[in-house]
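Quick note: the coordinates plus some simple rules give every number you see, no bench work behind them. Just so we're clear, the structure is a prediction, and the values are computed from it rather than from any experiment. Every residue, glycine among them, receives a Cβ derived from its backbone with ideal geometry; neighbour counts consider all protein chains shown.
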Amino acid sequence: MAGLSAATALAGTAARITVLDKGRGPGGRMAARRVEIAGDQVSFDHGAQYFTARDPAFRAAVAAWEQAGVAARWPVAGDDAWVGTPGMNACVRHMAAGLDVRWNMRAERLRRDGAVWQVEAGETVFTAATVLVAVPAEQAAVLLAEAAPDFAARAAGIASAPCWAVMASFAERLPLADTLRSDTGLISWAARNSAKPGRAGGETWVIHASPARSRELIDLPKDAVARILLGDFFASTGTAPTPPQHLDAHRWLYAQPETRKSEGPLYDPELRIGIAGDWLHSPRVEGAWLSGRAVALQERLASTS
Ligand SMILES: Cc1cc2nc3c(=O)[nH]c(=O)nc-3n(C[C@H](O)[C@H](O)[C@H](O)COP(=O)(O)OP(=O)(O)OC[C@H]3O[C@@H](n4cnc5c(N)ncnc54)[C@H](O)[C@@H]3O)c2cc1C
């Protein structure tokens, strides 16, 4: 979200923009996992669950997504709660559609070569006047260590909470409300994924373990974690255990920054390198979008001065 927000804000300038993402497709932490269950194609939002739109500029972007059919309100999560449709990653996919995005392309090294940057990604080397980095803090610290050690040190000062996410489907509807926040300390959030607007398929749930429970289970195999957390979910909600039709888990090592910089994006107008991401604004989709847009505005200023 932060990277594509920056690229969108720079599109239409003289800059020729290339976006590299190591993922197989659009989403990042606004991911959607597609699976086939009993012959139906079903999608789970296993990362971000919904997003708010409070800033006027972000609200305008979300209104455009709604017009395009890639976002809809989800009032059950709050008056200003939105989701991507038909999956959480739809907004990111929509943003990427108008840009030159290279999926499956992991930036491995950033190197200054005279007045330009070289970005090494596997066999390919990209040359650019400006590099903007929009990845979780822990990954930014590694990527920037050689190229921008000061920024790397700032990224290294951020710690993100992990989150184990469980994706489960059931033959029958569970006797529960659509969203649940639990105070048992085990489960932080659970939602009936199939209750979100535009979702196909039967009764599906996404269950997030709390940061403490996620840390406890961090190195266990995902199948074991899925079973343990499903048990936690039934125990926390006081629901009779029901065998799932489908059960899987995903480990987010850097789900949400626990500490963050309020200073805004990092940008060096001499070296033309900028850093954005939720950890430089607020640990939410909206924070990532605003951070990406802010670093793009700094780049626009530098490129015209
Ligand atoms: C389980 C979970 C629940 C959440 N719930 C909510 C919620 O309900 N509401 C909310 O607003 N927010 C929520 N969030 C937070 C929200 O998802 C993030 O704040 C936001 O999506 C961060 O966007 P970003 O662009 O900063 O980072 P990311 O989405 O992490 O994007 C970074 C991108 O960089 C790519 N990348 C990383 N390293 C490299 C590399 N070396 N080379 C190339 N590409 C690379 C990744 O593939 C990824 O696509 C949740 C997050 C998680 C994980």
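With runs of 4+ DSSP H residues as the only contributors, calculate the mean residue ellipticity of the chain at 222 nm using -39,500 (n - 2.57) per run, divided by the residue total and rounded to the nearest 500.
Roughly -8500 deg cm²/dmol at 222 nm, from the helical runs in the chain.
Summing Lys, Arg as +1 and Asp, Glu as -1, what charge do residues with Cβ under 14 Å from the Cβ of W252 carry, W252 excluded?
Net charge around W252: +1.
Under a Cβ-only charge scheme (Lys and Arg +1, Asp and Glu -1), can you give me the dipole magnitude of the range 160-257 about the Cα centre, in debye to the nearest 20?
200
Assuming R0 = 30 Å, can you tell me the calculated FRET efficiency for the pair D113 and A68, based on Cβ-Cβ distance, to the nearest 0.05? Let's see the in-between values first.
On the way: r = 39 Å, r/R0 = 1.31.
The value I calculate is 0.15.
Which net charge results for the neighbourhood of V83, defined as the other residues with beta-carbon distances under 10 angstrom from its beta-carbon, given Lys and Arg at +1 and Asp and Glu at -1?
Neighbour charge sum, excluding V83 itself: +2.
If you take the charge dipole of the range 160-257 about its Cα centre, with +1 on Lys and Arg Cβ and -1 on Asp and Glu Cβ, which of L174, S236, G198 is farthest toward its positive end?
Towards the positive end, the residue furthest out is G198.
Given H placed on each backbone N at 1.01 Å, which residues far from V133 in sequence or on other chains put an amide H within less than 5 Å of it?
Amide H neighbours of V133: G274, I275, A276.
Quick one: length gained pulling R300 to R102 fully straight, 0.36 nm per residue minus the C-alpha distance?
The R300-R102 span can extend by a further 69.0 nm.
With an 8 Å Cα cut-off and a minimum separation of 6 or more residues, compute the relative contact order for the chain in percent.
Rounded, it is 22 percent for the chain.
Give the separation of the Cα centroids, the range 157-174 to the range 65-143, in Å.
22
Quick one, can you get me the convex hull of the C-alpha atoms of the range 160-257 expressed as volume per residue in Å³?
97
Spelling out what I want: for every residue of the range 227-240, take phi, set θ = phi - 60°, compute 6.51 cos²θ - 1.76 cosθ + 1.60 (Karplus), and round to whole Hz; glycine and proline get x.
My calculation for the range 227-240 gives 5, 4, 6, 5, x, 4, 4, 5, 5, 5, 9, x, 9, 5 Hz in order.
Over the chain, what portion of Cα pair distances is larger than 25 Å, expressed as a whole percent? Intermediate results must be reported in sequence, preceding the final value.
Numbers: 23325 of 46360 pairs.
Distances greater than 25 Å cover 50 percent of the Cα pairs.
Compute the length gained on full extension between T242 and L271: take 0.36 nm times their separation in residues and subtract their Cα-Cα distance, giving the result in nm to one decimal. Working shown, then result.
On the way: separation 29, 0.36 × 29 = 10.44 nm, distance 5.72 nm.
Stretched out fully, the T242 to L271 stretch lengthens by 4.7 nm.
What length, rounded to one decimal in nm, is gained on full extension from A57 through to R215, with 0.36 nm per residue of separation minus their alpha-carbon distance?
Gain on stretching A57 to R215: 53.3 nm.
Answer with one residue from I207, V131, A302: the one whose Cα lies farthest towards the positive end of the charge dipole of the chain, charges on Cβ with Lys, Arg +1 and Asp, Glu -1.
A302
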